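A short write-up of the structure that comes next.
Every read-out reported here was derived from the displayed coordinates using simple, explicitly stated rules and does not represent laboratory data. In this text the structure is predicted, and so the values were computed from the model without any measurement. Cβ atoms come from the backbone with ideal geometry, glycine included; neighbour counts cover every protein chain shown.
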Amino acid sequence: MPRVTKQATQEWMTPEILDLMEERRKCKKNTQQYKQLVRIIRNKCLEAKESFYSRQCEELERYSKDPIHRQCMTKYEKSQADKKEARLLTV
């Protein structure tokens, strides 16, 4: 039976991290190599997570300076609040 490929559970996970995780899973019996892979994976995850969130922050900062995007977000937030209010009234 073919093994199902794993998909990233977090947005910041890269295919490289997933491959390392698969390799780590295969070498559980070799404790030295397993521990080494655990350290590598932990470091790669920290780097990927920091990079992902810094890109997200830069994007938000860029949008916050643009008045058109600010207006769009204000309208979006208002529409979401209206939807929530409408749901509460129907219950």
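Given their separation in residues at 0.36 nm each and the Cα-Cα distance between them, K44 and L18 gain 8.3 nm when the chain is fully extended.
Residue order for K65, K44, fewest other beta carbons within 10 angstrom first, comes to K65, K44. Here r is the Cβ-Cβ distance between C57 and D82 and R0 is 22 Å; the resulting FRET efficiency, rounded to 0.05, is 0.20. The per residue volume of the convex hull around the alpha-carbon atoms of region 15-90 is 139 Å³.
If you count Lys pairs in region 15-90 whose Cα atoms are under 23 Å apart, skipping same-chain pairs closer than 8 places in sequence, the total is 10.
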